[in-house]
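Worksheet: one structure, shown below.
The values are calculated or read from the model by the stated rules, or taken from the named source; none is laboratory data. None of these values were measured; they are calculated from a predicted model. A quick note on method: Cβ atoms are made from the backbone with ideal geometry, for glycine too, and the neighbour counts reach across all protein chains shown. These accessible areas exclude ligands, DNA and RNA; they are computed on the full protein's heavy atoms, side chains included. Shrake-Rupley method; radii C 1.70, N 1.55, O 1.52, S 1.80 Å.
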Amino acid sequence: MTLDPETSAKITRYRPRVPPPEWEQVADTVRMLVAASADRSPYNVERLLHATARLATWCHRRGLPDDPEVWLRHETIDAFVLTGCTDLAPSSAQTYRAWLRHMRATLAWLERGEQTPPSMKAPKKVSPHTRRPSSDAFAAGPNACPAKPAPTRWH
């Protein structure tokens with residue numbers, strides 16, 4: 001795995017804005033985890049670094065080993081989201097959970113020598129703006145409505 005120079009530099013230089021006292025103890029492992037999974041992740045590398053650093057710091061403060069296999073257990077990630085992300089909006093905490101679980105899955109596939117499966121995102125359905133029929137059209141019945149609404153002109 002080879003990262004592009006820009007991504008590699010971001011990972012190497014990363015430091016939390018306000019580094020916690022534990023940062024130096026977990027920094028190398030945080031950077032290693034993100035570097036190992038960054039090229040197979042659809043997520044922004046700075047955001048992955050931030051979420052992983054928060055997880056690592058939370059684990060360290062709880063006396064868990066400085067071990068990625070412990071940090072990235074599903075139960076550890078879930079406990080972190082429930083108790084270590086209380087300052088975040090629930091949707092943001094769930095986003096951290098998704099990022100960290102994706103990192104775990106990516107690293108598990110790499111360890112087994114498998115390719116990461118393709119992303120399974122459903123396409124977003126964009127519904128076109130439809131014009132409401134006039135009350136006259138409703139009164140005339142469903143067959144009186146035109147099959148294709150006339151384009152709406154916005155002023």
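Tabulated data
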read-out: Single residue of Thr57, Thr52, Thr29, Thr83 found to be of a type in the set (Ser, Thr, Tyr), at pLDDT 95 or above, more than 22 Å from Thr7 (Cα to Cα) and open to solvent by less than 50 Å² (accessible area, probe 1.4 Å); value: Thr57
read-out: The one condition in (1) of a type in the set (Ser, Thr, Tyr); (2) closer than 16 Å to Leu107 by Cβ; (3) open to solvent by less than 30 Å² (accessible area, probe 1.4 Å); (4) touching a residue at least 40 places away in the same chain (Cβ under 8 Å) that Tyr96 fails to fulfil; value: (2)
read-out: Top-ranked residue in segment 36-49 [being open to solvent by 30 Å² or more (accessible area, probe 1.4 Å) and under 12 Å from the mean Cα position of the chain (by Cα); ranked as nearest to Ala79 (Cα to Cα)]; value: Arg47
read-out: Cβ pairs under 6 Å, 6+ apart, first in segment 69-81 and within 13 Å of Ala108 (Cα to Cα), second modelled with pLDDT under 95 and assigned to a helix (DSSP H, G or I); value: Leu72/Arg104
read-out: Output for segment 1-26, where each listed residue is open to solvent by 100 Å² or more (accessible area, probe 1.4 Å) and hydrophobic (A, V, I, L, M, F, W, C); value: Met1, Val18
